[in-house]
Amino acid sequence: MTRSIRPLVAGNWKMNGLRAELAIAAEVAKGYAPELKNKVDLAICPPASLLFMTSAALIGTRIATGGQDCSIQEAGAFTGEISAAMLADAGASYAIVGHSERRTLHGETNAIVKEKAQASQKALLVPIVCVGETKDEREAGRALAIVRKQLRGSVPDGATAATLVIAYEPVWAIGTGLTPTPQDVAEMHEAIRAELGKLLGKSVAAGVRLLYGGSVKPSNAAELMNVAHVDGALVGGASLKAEDFLAIAKACA
């Protein structure tokens, strides 16, 4: 952890959740005890269909919500898209952009991710910009180069610690149960901090929250969250269980 940075644990529900799953958010709120609130920020990113209801249910709890994606467009004839302003109007504070599933399944380039991050900032949302390498890229020794390139192409110009979060999610670890070693995570997060220093200036980069994601669960959270430059987690499957999500948050405290 970076002791000068308040950690953030964000749950990405992905394409999971009907109205019955609002009970998960309620359980998280119930377990978000004052001593945890004093140390760790929480956010839940449900599917768009539940965003407004989740945001309304969490009013007064200090748990933020976020969208899982947003359009680069503000409005218009873009059937099926959702703008950053719409996410904000539904109560969101964050927007996940550039998740590997978007990059892989929808062909999103670094340039598109940057536009989405800029659109988020314009709507006063904080983009959680995702970066990460594939298994083949890591085995070829290109992991650091790939992530640096993603950062250079995806991070908005003029971003600050208050308007940007970076999430490192090695693609090969997402939903597989596999995780990189603490040494690998430390090396990558240090490289990300250094690259942000080149892009934004060292003083700004020093305050940007760097999250780790990729099969984070209660059993490995403490080890991962104790790695230098890891300032919280972007949690997938474990965020659908309130007990597990809170356990990961406690590992950041």
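The values are calculated or read from the model by the stated rules, or taken from the named source; none is laboratory data. What you see is a predicted model, and the numbers here were worked out from it, not measured in a lab. When we count neighbours, we look across all protein chains shown, and the Cβ atoms used for this are built from the backbone with ideal geometry, even at glycine.
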So, Gln150, is that one in contact with a strand residue (DSSP E or B) (Cβ under 6 Å, 6 or more places away or on another chain) and either among the hydroxyl-bearing types (Ser, Thr, Tyr) or farther than 19 Å from Ser215 by Cβ (or both) or not? yes
Just to be sure I understand, how many residues within the range 164-181 are crowded, with 17+ Cβ neighbours inside 10 Å and not in a strand (DSSP E or B)? 9
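Every residue, every condition in (1) surrounded by fewer than 22 Cβ atoms within 10 Å (Cβ to Cβ); (2) β-branched (Val, Ile, Thr); (3) touching a strand residue (DSSP E or B) at 6+ places or on another chain (Cβ under 7 Å); (4) without any contact (Cβ under 8 Å) to a residue 12 or more places away in the chain, yes or no:
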residue: Val204; (1), (2), (3), (4): yes, yes, no, no
residue: Gly213; (1), (2), (3), (4): no, no, yes, no
residue: Val230; (1), (2), (3), (4): no, yes, yes, no
residue: Leu240; (1), (2), (3), (4): yes, no, no, no
residue: Ala253; (1), (2), (3), (4): yes, no, no, no
Those residues that are crowded, with 18+ Cβ neighbours inside 10 Å and of a type outside the set (Val, Ile, Thr), I need them from the range 182-198; list them, please. Met188, His189, Ala191, Arg193, Glu195, Leu196
Does the range 199-220 contain any residue that is closer than 22 Å to Val97 by Cβ, at pLDDT 95 or above and charged (D, E, K, R)? yes
Can you tell me which of Ala111, Ala33, Ala85 is surrounded by fewer than 21 Cβ atoms within 10 Å (Cβ to Cβ) and more than 23 Å from Leu164 (Cα to Cα)? Ala33
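Please verify whether Ile128 is buried (at least 18 other Cβ atoms within 10 Å of the Cβ) and farther than 22 Å from Gly11 by Cα, treating the condition exactly as stated.
Numbers: buried (at least 18 other Cβ atoms within 10 Å of the Cβ): yes; farther than 22 Å from Gly11 by Cα: no.
The answer is no for Ile128.
Being in a loop (DSSP other than H, G, I, E, B) and among the hydrophobic types (A, V, I, L, M, F, W, C) is the filter here; which residues of the range 95-126 pass it? Working first, answer last.
If we filter the range 95-126 for residues that are in a loop (DSSP other than H, G, I, E, B), which is where we start, we get 98-99, 106-109, 123-125.
Scanning the range 95-126 gives Ala123, Leu124, Leu125.
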Is it the case that Ala92 is in a loop (DSSP other than H, G, I, E, B) and at pLDDT 95 or above? yes
